[in-house]
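*Asks:* Structure provided below as structure tokens; questions to follow.
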Amino acid sequence: MNRTDVHGTLREMWETRPARPRDDRQVAGVASAIARRYDLDPVLVRIGFVAAAFTGIGAALYIAGWIALPETPEDPAAPAHRPRPVLVVGLAVAAAVSIGFLFGDRGGVVVPALAVLALLFLLHRSRGDRVPRPVGPVADAPTAATPGPSLVKEDVPAPTPPAWDPLGAAPFAWDLPEPGPAQPPARPERPRRFPVTAVTLGLALLAGSATAVLLLLMGALVASNVPLVLGVGLGVIGAGLVVGAFLRSGRGLIPIALLLSALTWAAVAAPLDRWEAGGFGDLNATPTTLAQLQPVYQRSAGDITLDLRQLPLSGTGQVPTTATLGAGDLTVLVPADTDVKLNGSAGLGDVSLGGQKVSGPGAKLDVEDLGADNARSGQELVLTLSTGAGDVEVRRG
């Protein structure tokens, strides 16, 4: 494959892009349009968007498809509406800027975006010649015209007038059938599909309940194992989506899978065991001696602020302390010249020390900072700071 083939394929992908249908859509019809263009099941395409959402680019890809693919007009004879180029460029730039703000610190969207583009390119190369599925009902083929009754009077015995014309006023229409009551059009019978959604939800509930009961019998049913129970249910729903893709059913599982995925991800990123002890509310501490410095500061929810600027750290060795928070911001103030060793983590949030910063989810920062004088002097503060949902910040001054 040379450069000309790649350019030609990309040009063909743009020129033959499908229109978003009006009759089979969940949000804007992007997945349905792609499925009809390449003769795929729409559920498979929607699962692909859900998988892309976990890499941080799923929503941006769907918005891009919403912009790039025109919408099928209400009047089939009218041309499909296509957005203006200025609008397309503006929304694309806005989506790119949003991704940069959300995920720019990690740079983890470049590889998934290139992977998606490569998959679309290969899909068009292999199935680009497929005929798009029809958007609306197919019109019946015209039938041959049947000859009407003859208006020429023939030399035959006069027939008996029908019941609807007792006076014989319209003999030219006597060969028409007797009028009867109008019959309603027969409704086409829809093929019965396997209830994938209901069966999958039932199996997910049973699997999650069985896992919880098993953990209870083992004495391990604690908050930290909640992600395990959610993960079992999510696995069953994922299997149901795969089965439904082959049976063309189970679309109702998509919003449930999204919600359960978000809950599972949040439970993993912000461990629930930090909510089991420590109390609620803000905690402010300003120890002035090493004896007043507690080894552990803990809260389930709230903010923790430790002001360590008045500690006497003129000796030698290390001075450790730990602060754990379930949800909230954790701030530690230290002197400008004090040596600091930080082991910080945040499930959903940022961890920062001076000019060094790591963004979540799952942010971790292990660093040693010598302060403004950039030289070892006095005792070293060893800070072990962690929060489930919030920011961890160590400030000097």
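*Asks:* If you take the beta carbon distance between Q318 and D282 as r and set R0 to 25 Å, what does 1/(1 + (r/R0)^6) give as a FRET efficiency, to the nearest 0.05?
*Replies:* Working: r = 28 Å, r/R0 = 1.11.
It comes to 0.35.
*Asks:* From zero up to wherever the largest Cα-Cα distance of the range 283-396 sits, split into 10 Å bins and tell me the percent of pairs in each.
*Replies:* So the P(r) values, bin by bin, are 15, 50, 30, 5.
*Asks:* Using label points projected 7 Å from each Cα along Cα→Cβ, tell me how many nm separate A223 and D337, to one decimal.
*Replies:* Simple spin-label model gives 4.3 nm for this pair.
*Asks:* Going by amide H atoms built from the backbone, whose H comes under 5 Å of the H on G349, apart from near neighbours?
*Replies:* Answer set, sorted by chain and number: G360, G362, A363, G390.
*Asks:* Let me ask something additional. Could you tell me the distance between the Cα centroids of the range 194-238 and the range 282-314, to the nearest Å?
*Replies:* A separation of 41 Å, based on Cα centres.
*Asks:* Once both labels are modelled 7 Å past Cα along the beta-carbon direction, what's the L263-T16 spacing in nm?
*Replies:* So the label points at L263 and T16 sit 4.4 nm apart.
*Asks:* Suppose the chain between T160 and V242 were pulled fully straight at 0.36 nm per residue; how much longer would it get relative to their current alpha carbon spacing? Don't skip to the answer; put the middle values down first.
*Replies:* Numbers: separation 82, 0.36 × 82 = 29.52 nm, distance 6.87 nm.
Extra length from T160 to V242 when fully extended: 22.6 nm.
*Asks:* Along Cα→Cβ, 7 Å out, is where each label goes; now give me the distance between the ones at A372 and A28 in nm to one decimal.
*Replies:* Roughly 5.1 nm, to one decimal.
*Asks:* Using a ≥ b ≥ c from the Cα gyration tensor of the range 196-269 (square roots of the eigenvalues), is it rounded, prolate or oblate, where a/c under 1.5 gives rounded and otherwise the larger of a/b and b/c decides, a/b for prolate?
*Replies:* Numbers: a/c = 3.45, a/b = 1.76, b/c = 1.96.
Cα axes put the range 196-269 in the oblate bin.
Computed from the coordinates by the stated procedures, all read-outs in this text should not be read as laboratory data. Remember, predicted model here, so these are calculated numbers, not experimental data. Note: ideal-geometry Cβ built from the backbone for every residue, glycine included; neighbour counts use all protein chains shown.
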